[in-house]
Amino acid sequence: DLANGTGIRVSLFLSGCNFHCPDCFNQESQRFDYGKPFTSNTVDTIFELISKPYVSGLSLLGGDPLWQDESGLKELIALANAIRQKSKTVWIWSGFTWEEIKNSKDLSIEAKLRQLLVESCNVFVDGRFDKNLKDLTLKWRGSSNQRVIDVQKSLSANKVVLYEDAN
């Protein structure tokens, strides 16, 4: 994949999203039962592809990766951490915003796991697609309300730091 992040990437599209943004580019994947099961074979294929020296990293898209259940979120955290240990980058797209994830008052395990998953990534493209703000000239996002966030710099600065190459 050349469109979802910098360099050549492996993209994993995850099923399920409860935001249901009008005119979403991937509406069929909003259903939680869409696609194929995520199995150990899926993980093996991802690692086989990621191991190629010309592949920059993994992109997690959807649906919405952050709408997975507890088990799914744990699997994605482990996957993201393993990919980063191989000196590859992990990008994630979600309708959740940085503030919704970082400042959540939700005490559920899923809310905490969402935060851990975002923190396991290098870049977080946040915000719901807004068809009234659609802009096809933007890199890596569909509407101008969405941001391309450098996760690790944002964590260090304790504020949102935009990814430098997003413009």
Taking the chain as a Gaussian network, Cα atoms linked when under 10 Å apart, which of 77, 101, 109 shows the biggest mean-square fluctuation?
109
How much FRET efficiency would the formula 1/(1 + (r/R0)^6) give for residue 74 and residue 41, where r is the Cβ-Cβ distance and R0 is 25 Å, rounded to 0.05?
0.85
With each pseudo-label sitting 7 Å past Cα toward Cβ, what's the residue 144-residue 28 distance in nm, one decimal?
3.2
Could you order 1, 33 by accessible surface area, starting with the largest, using a probe radius of 1.4 Å?
33, 1
Alpha-carbon spread of the chain, three principal axes, descending order, Å
39, 34, 31
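Arrange the residues 164, 48, 110 by how much accessible surface each exposes, largest first, with a 1.4 angstrom probe. Please list the in-between numbers first.
Working: 164 150, 48 115, 110 60 Å².
Most to least solvent-accessible, the answer reads 164, 48, 110.
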Scalar couplings 3J(HN,Hα) for segment 26-37 by Karplus 6.51 cos²θ - 1.76 cosθ + 1.60 (θ = phi - 60°), nearest whole Hz, x for Gly and Pro, are 9, 4, 4, 7, 6, 6, 6, 9, 7, x, 9, x
If the label point sits 7 Å along Cα→Cβ of residue 1, residues of segment 135-149 with amide N under 13 Å come out as 140-141
Just to check I understand the Karplus step: with θ = phi - 60° and J = 6.51 cos²θ - 1.76 cosθ + 1.60, what whole-Hz values come out for segment 46-59, glycine and proline as x?
4, 5, 4, 6, 5, 5, 5, x, 8, 8, 7, x, 10, 10
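Specify the longest stretch of the chain that does not include any exposed loop site, a site being one of the trypsin sites (Lys or Arg not before Pro) with a non-H, G, I, E, B DSSP assignment and at most 14 other Cβ atoms within 10 Å. Before the final figure, lay out the partial values.
On the way: sites that count: 31, 86, 105, 139, 159.
Of all site-free stretches, the longest is 32-85.
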Scan the chain and report its longest stretch carrying no chymotrypsin sites (Phe, Trp or Tyr not before Pro) that are both in a DSSP loop and have at most 11 other Cβ atoms within 10 Å.
55-167
Accessible carbon and sulfur surface of the chain relative to its total accessible area, %, 1.4 Å:
52
28 Å Cα-Cα reach of residue 112 towards lysines, excluding residues that sit fewer than 8 places from it in its own chain:
36, 74, 86, 88, 102, 153, 159
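The values are calculated or read from the model by the stated rules, or taken from the named source; none is laboratory data. Every value quoted in this text rests on a predicted model; they were computed, and no experiment measured them. When we count neighbours, we look across all protein chains shown, and the Cβ atoms used for this are built from the backbone with ideal geometry, even at glycine. Heads up: the accessible areas ignore ligands, DNA and RNA and are worked out on the full protein's heavy atoms, side chains in. Shrake-Rupley method; radii C 1.70, N 1.55, O 1.52, S 1.80 Å.
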